[in-house]
Amino acid sequence: MNFDVVVVGAGPNGLMAACELALAGVRPLVVERDLTPRTEQRANGMVGQIVRLLHRRGLLERLTGDPNPPRPAPGFMFAAFPMPFGRLGTDNPVYTVLVPQHRVEEVLAERAVELGVQIRRGVTVTGLDQDASGVTLACADGARITAGWVIGADGGRSAVRKLAGIGFPGVTHDRTVSRNAHVALDDAFRTADGMRVPGYGVIPAFLHTRLERGMVSFAPFPDGRVMVNVSEHADVDEDVPMSFAELADAFTRVVGAPAPFTELRPAGMMRRLTGGNTRLADRYRDGRVFLVGDAAHVHSAIGGNGLNLGLQDAVNLSWKLAGAVHGWAPDGLLDTYEAERRPAGERVTMQTTAQGVLVGPGPEITALRSLVGALLEDESALRRIAGLISGADVVYPGTSRWSPEGVRSDARPVLIDASADGRFARVAAPWADRVPVVAAGGGGVSMLARPDGYVAWEGTEGELVPALTRWFGPA
Ligand SMILES: Cc1cc2nc3c(=O)[nH]c(=O)nc-3n(C[C@H](O)[C@H](O)[C@H](O)COP(=O)(O)OP(=O)(O)OC[C@H]3O[C@@H](n4cnc5c(N)ncnc54)[C@H](O)[C@@H]3O)c2cc1C
């Protein structure tokens with residue numbers, strides 16, 4: 001079996017890469033270890049630039065049922081500080097969507113299949129061999145699959161990463177215990193914007209509340225489920241299964257008042273997460289093998305940054321790889337994947353580590369929070385944090401910004417020619433097989449947008465040819 005591209009892992013990032021490749025004219029094979037789609041609770045939503053990108057791809061509407069462009073969130077959180085991003089007005093880049101991860105995976109899998117992608121389940125990759133012409137994957141059932149290129153989207157314990165000999169340095173934190181469950185909450189304890197806890201006050205909805213002994217959050221989802229999370233520093237016996245009583249006791253210890261919620265019957269999700277890893281692959285590429293998503297980076301889930309990071313890895317890599325498959329990718333284009341996305345991974349591991357420290361227990365952290373909290377009141381800090389958690393301030397070398405709303409985006413590049421005489425379209429005519437042109441009829445700004453939405457040129461005629469050549473190969 002020979003494929004241009006094999007994606008290992010049908011998690012969100014592997015499926016996104018498959019959709020993007022298919023949109024760019026490459027039909028990848030996706031192989032997935034699990035026989036059935038995952039139903040376990042992971043991400044509750046997404047925050048940042050990816051929300052806008054999913055809208056441009058027509059995927060946000062499938063997730064939310066709302067065809068309108070997303071609107072930025074008036075408020076979010078950073079290290080359990082409420083962040084009034086609405087103060088930034090039209091500059092607010094913090095877009096959020098509340099949707100469970102299994103639904104994201106369902107929608108992406110549906111879209112991939114519509115686009116002609118083959119998803120083969122029950123296939124576990126156990127071996128990898130590559131030479132200058134391709135990659136051979138060995139599977140647990142003895143099958144061999146050959147591919148021109150391989151994308152390892154097989155999660156934090158990535159077999160592809162290990163088989164490619166790529167290191168995953170970082171740290172393991174082992175002091176934090178996070179307990180998380182769906183619970184029942186009587187209306188008497190609900191307020192307009194939170195959960196009333198007799199003897200304490202109100203725990204606000206959808207925000208982290210950091211207290212001297214730990215952190216609590218309360219999330220009443222639109223579908224009626226109510227989730228409570230309590231984190232603290234504690235020793236636990238991993239062999240004892242998590243119970244509702246353990247969650248309620250932890251809540252009382254951290255909040256200093258009894259839990260107003262009760263056990264859900266029949267039971268919903270209930271889990272205990274201990275420790276956690278912050279790690280970044282030391283390379284995102286080894287020859288014909290690339291890593292995306294958790295295979296390339298793992299970090300604290302605080303702030304929900306994982307999918308924003310991973311899905312944008314997938315989008316960034318796929319059009320470049322499609323260029324290599326189609327034979328037009330200029331020298332060095334594939335290397336821009338790591339050059340662009342590893343710094344984005346570094347930034348997320350940095351800020352989630354910092355957030356993890358800032359929500360820790362103890363009086364030293366309380367003092368640190370007083371200081372940081374005061375600094376965050378400045379509008380410039382609000383703006384910086386908004387850029388940091390949304391990734392909207394990321395500008396890659398050779399790009400100037402993310403293209404404005406209204407720029408068509410179907411995973412192909414686009415040249416918008418706003419000149420009155422169509423001169424930019426004439427310059428780009430030799431790239432017509434790769435770069436569609438939209439005539440804007442003598443108004444607005446002329447620009448060349450990459451398939452991932454980044455603007456690679458806006459300016460004078462003289463610079464257009466180098467930009468076209470740099471990103472889309474020779475004429
Ligand atoms: C508790 C928790 C809460 C989170 N909350 C959020 C949140 O609110 N927002 C957010 O953005 N992110 C959140 N995240 C992070 C997010 O869940 C991950 O970043 C995301 O799942 C990574 O997707 P992925 O496709 O890279 O890897 P995964 O989702 O891990 O998928 C990898 C896939 O590869 C398959 N696989 C593994 N090995 C092999 C093999 N050898 N052969 C074939 N297939 C293989 C696996 O079965 C799996 O299906 C959370 C994570 C956790 C754990």
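The values are calculated or read from the model by the stated rules, or taken from the named source; none is laboratory data. As the structure is a computational prediction, the values presented were derived from the model and not from experiment. Ideal geometry is used to build each Cβ from the backbone, glycine not excepted, and the neighbour counts take in all protein chains shown.
One table, with the values for the structure above:
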item	result
Residue count, region 205-226 (criterion: of a type in the set (Gly, Ala, Ser) and at positive phi)	2
Residues (surrounded by fewer than 18 Cβ atoms within 10 Å (Cβ to Cβ) and small (Gly, Ala, Ser)) located in region 252-300	Gly256, Ala257, Ala267, Gly268, Gly275, Gly287
Listing of helices (runs of 4 or more DSSP H) fully contained in region 362-442 that carry 2 or more residues being in contact with a Gly (Cβ under 9 Å, 6 or more places away or on another chain) and touching a residue at least 24 places away in the same chain (Cβ under 8 Å)	379-390
Filtered residues of region 172-203 (kept if under 20 Å from Arg369 (Cβ atoms) and buried (at least 20 other Cβ atoms within 10 Å of the Cβ))	Thr176, Ser178, Ile203
Counted residues, region 9-40 - those being assigned to a loop (DSSP other than H, G, I, E, B), under 24 Å from Thr96 (Cβ atoms) and either near the ligand (Cβ under 7 Å from one of its atoms) or in the same structural domain as Pro451 (by TED's automatic domain parsing) (or both)	2
Selection within region 95-126 - within 10 Å of the ligand (Cβ to nearest atom) and more than 30 Å from Ile389 (Cα to Cα)	Arg120, Arg121, Gly122, Val123, Thr124, Val125, Thr126
Which listed residue, of Asp186, Asp174, Asp193, is out of contact with any Gly (no Cβ under 6 Å at 6 or more places or on another chain) and over 27 Å from Met46 (Cβ atoms)	Asp186
Residue in region 83-94 that is of a type in the set (Ser, Thr, Tyr) and surrounded by 14 or more Cβ atoms within 10 Å (Cβ to Cβ) present	no
Test result for Phe206, in contact with a strand residue (DSSP E or B) (Cβ under 7 Å, 6 or more places away or on another chain), surrounded by 16 or more Cβ atoms within 10 Å (Cβ to Cβ), closer than 24 Å to Arg272 by Cβ and of a type in the set (Phe, Trp, Tyr)	yes
Region 65-82: number of residues that are surrounded by fewer than 17 Cβ atoms within 10 Å (Cβ to Cβ) and in a strand (DSSP E or B)	1
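This table checks each residue for (1) polar (S, T, N, Q); (2) part of a strand (DSSP E or B); (3) at pLDDT below 95; (4) within 14 Å of the ligand (Cβ to nearest atom).
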{"position": "Arg157", "(1), (2), (3), (4)": "no, no, no, yes"}
{"position": "Val160", "(1), (2), (3), (4)": "no, no, no, yes"}
{"position": "Gly167", "(1), (2), (3), (4)": "no, no, no, no"}
{"position": "Val171", "(1), (2), (3), (4)": "no, yes, yes, no"}
{"position": "Ala188", "(1), (2), (3), (4)": "no, no, no, no"}
{"position": "Pro204", "(1), (2), (3), (4)": "no, yes, no, no"}
{"position": "Arg210", "(1), (2), (3), (4)": "no, yes, no, no"}
{"position": "Ser217", "(1), (2), (3), (4)": "yes, yes, no, yes"}
